[in-house]
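Q: Attaching a single structure in structure tokens format; questions to follow.
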Amino acid sequence: MPIIQFTKINGGIIEKARWEVDTLENLREGHWVQFSFNIKEDPNLISYVSKRSNIDCVVEKTDKGQYSIVLTGVIKTFRHMVDASKLESMVTVIPVNRAIENVLLYILDKDQCDPKFIALLRQTN
């Protein structure tokens, strides 16, 4: 199965940001892609993302009253591994800015998240 792997802007792997997908068809280096994450209600994060005035990071309320955050990344590289019986492909995606990187880390693994960002979220409300 093809894999999508998010990395930090500096190239470091984000451990919990790896997904197997059905296909990588129609994706090319440099394409911008959006990822949607369902989140539990987190007033600080929702407030922070809602105040961002660009489309790279948006919060949406679903019809079930839950929240979803949509983050934008850009396809950096394609990597292919060929062994005797199959071809494995992986796409590396980087966040388009540091704010998205911090939000992604906060959603997936608060332990990896920058403590300064967590402090900023607490000040948002």
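Q: Within the bounds of the range 109-119, is there any residue that is of a type in the set (D, E, K, R) and buried (at least 18 other Cβ atoms within 10 Å of the Cβ)? Break it down stepwise before answering.
A: Looking only at the range 109-119, we keep the residues that are of a type in the set (D, E, K, R), and these are 109-111, 114, 116.
If we keep only those that are buried (at least 18 other Cβ atoms within 10 Å of the Cβ) too, we end up with none.
No, because not a single residue in the range 109-119 is of a type in the set (D, E, K, R) and buried (at least 18 other Cβ atoms within 10 Å of the Cβ).
Q: With the condition being free of Cβ contacts under 8 Å to residues at least 60 places away in the same chain and touching a Ser or Thr at 6+ places or on another chain (Cβ under 8 Å), I'd like the strands (runs of 3 or more DSSP E) fully within the range 1-89 carrying at least 1 qualifying residues.
A: Of the strands (runs of 3 or more DSSP E) lying wholly inside the range 1-89, those with at least 1 residues that are free of Cβ contacts under 8 Å to residues at least 60 places away in the same chain and touching a Ser or Thr at 6+ places or on another chain (Cβ under 8 Å) span 13-20, 32-39, 57-61, 67-82.
Q: Out of all the residues in the range 31-50, which are polar (S, T, N, Q) and under 13 Å from residue 104 (Cβ atoms)?
A: We begin by selecting, within the range 31-50, every residue polar (S, T, N, Q); these are 34, 36, 38, 44, 47, 50.
Scanning the range 31-50 gives 34, 36.
Q: Please state which of the following conditions residue 56 fails to meet, knowing it meets all the rest: (1) acidic (Asp, Glu); (2) surrounded by fewer than 16 Cβ atoms within 10 Å (Cβ to Cβ); (3) at pLDDT below 90.
A: (2)
Q: Among the candidates 16, 8, which residue alone is surrounded by 10 or more Cβ atoms within 10 Å (Cβ to Cβ) and touching a Pro at 6+ places or on another chain (Cβ under 9 Å)? Quick ask: steps written out before the conclusion?
A: Details: 16 fails: touching a Pro at 6+ places or on another chain (Cβ under 9 Å).
On inspection, the qualifying residue turns out to be 8.
The values are calculated or read from the model by the stated rules, or taken from the named source; none is laboratory data. Small disclaimer: the values here were computed from a predicted structure and weren't measured. Quick reminder, even Gly has a Cβ in these numbers, built from the backbone with ideal geometry, and neighbours come from all protein chains shown.
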